[in-house]
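For reference, the structure discussed in these notes is given below.
Derivation of every value follows stated rules applied to the coordinates shown; laboratory data play no part. The structure displayed is predicted, hence computed values, not measured ones. Note that each Cβ is placed from the backbone with ideal geometry, even for glycine, and that neighbours are counted across all protein chains shown.
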Amino acid sequence: MTIGVVVFPGSNCDRDVHWALEGCLGISTRFLWHETTDLSGLDAVVLPGGFSYGDYLRCGAIARFAPIFKSLVEFVDRGGRVLGICNGFQVLTELGLLPGALTRNRDLSFICENVALRVTSSRSPWLQARSCEEVLNLPIAHGEGRYQCSKDTLLKLQDDDSIALSYTTNPNGSIADIAGITNSSGNVLGLMPHPERACDPQIGGIDGRVILQALIG
């Protein structure tokens, strides 16, 4: 099993994901420079947090044009699992693999703290090991993590059971307390909290392991 970790100019959590997967979970990883188009031999792909391309224009808006994404879209269409964390979630919405958008936090300030998250759906493989309403504790660190979408999109997310995680106390003003969503097929997950920062018991909790372990089924 090998997980690809995409590296953009401005990524700063790619090494964190590498350590969480290999150092804590014993899962092999391979760094993928944003210009590569070769995803052969990979079981899943992670888009890590950070500031891809400096987050100029808006978060993820430039990254969506990276050469790797033609191959990534095809990978998703074949059923491959893709996890977008923080900036990676923003990129997935810009790319159209997930609906909605991530905008400036309600109070227009950067938030860095641990938050409690409710498992809203266990339909997809990401959270099948957890029961609905179970609470996970993960850190957040973002200035543009306020999830927004149209009423029709929200209804579709609810109808498809695609709202994976919700904040118990909404720190950024996201609509419907949304912290993470999946696509309708369930193989793509985007979330603002950082599961890779909650894998090593020496630096805190390990609630993030359940999400990263789902990368390999």
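Table for the structure above
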read-out: Entry for percent of Cα pairs over 28 Å apart (calculated from the structure that is shown) out of [x] 18; [y] 26; [z] 32; value: [x]
read-out: Residue-wise HN-Hα coupling along the range 103-111, computed from phi with Karplus coefficients 6.51, -1.76, 1.60 (Hz; x: Gly, Pro); value: 10, 4, 4, 3, 8, 6, 10, 6, 10
read-out: DSSP beta bridges in the chain [antiparallel fraction, %, rounded to 5]; value: 55
read-out: Long-range HN-HN contacts of G180 with modeled amide H, under 5 Å; value: A164, L165
read-out: Least to most buried among I111, I211, I140 (fewest other Cβ within 10 Å first); value: I111, I140, I211
read-out: J(HN,Hα) series, the range 124-129, from Karplus relation 6.51 cos²θ - 1.76 cosθ + 1.60, nearest Hz, glycine and proline x; value: 7, x, 5, 10, 4, 7
read-out: Residue order, fewest to most surrounding Cβ atoms within 10 angstrom, among K156, K151; value: K151, K156
read-out: DSSP-loop GluC sites (Glu not before Pro) across the range 112-217, with at most 12 other Cβ within 10 angstrom; value: E133
read-out: Relative contact order of the range 68-136, defined on C-alpha pairs under 8 angstrom at six or more residues apart (%); value: 17
read-out: Distant-in-sequence amide H partners of T29 (H built 1.01 Å from N, under 5 Å); value: I3
read-out: Lone cysteines, the chain (no partner Cβ under 4.7 Å); value: C13, C59, C86, C112, C132, C149
read-out: Order of F65, F75 - criterion: other Cβ atoms within 10 Å of each residue's Cβ, fewest first; value: F65, F75
read-out: Note, ³J(HN,Hα) from phi for the range 150-165, Karplus 6.51, -1.76, 1.60, rounded to Hz, x at Gly and Pro; value: 6, 4, 5, 5, 4, 4, 5, 4, 5, 5, 7, 6, 9, 8, 7, 9
read-out: Full-stretch length increase - S131, N12 - with 0.36 nm per residue and alpha-carbon distance subtracted; value: 39.7 nm
read-out: Lys/Arg +1, Asp/Glu -1 at C-beta; the chain dipole; positive extreme among L154, L83, S124; value: L154
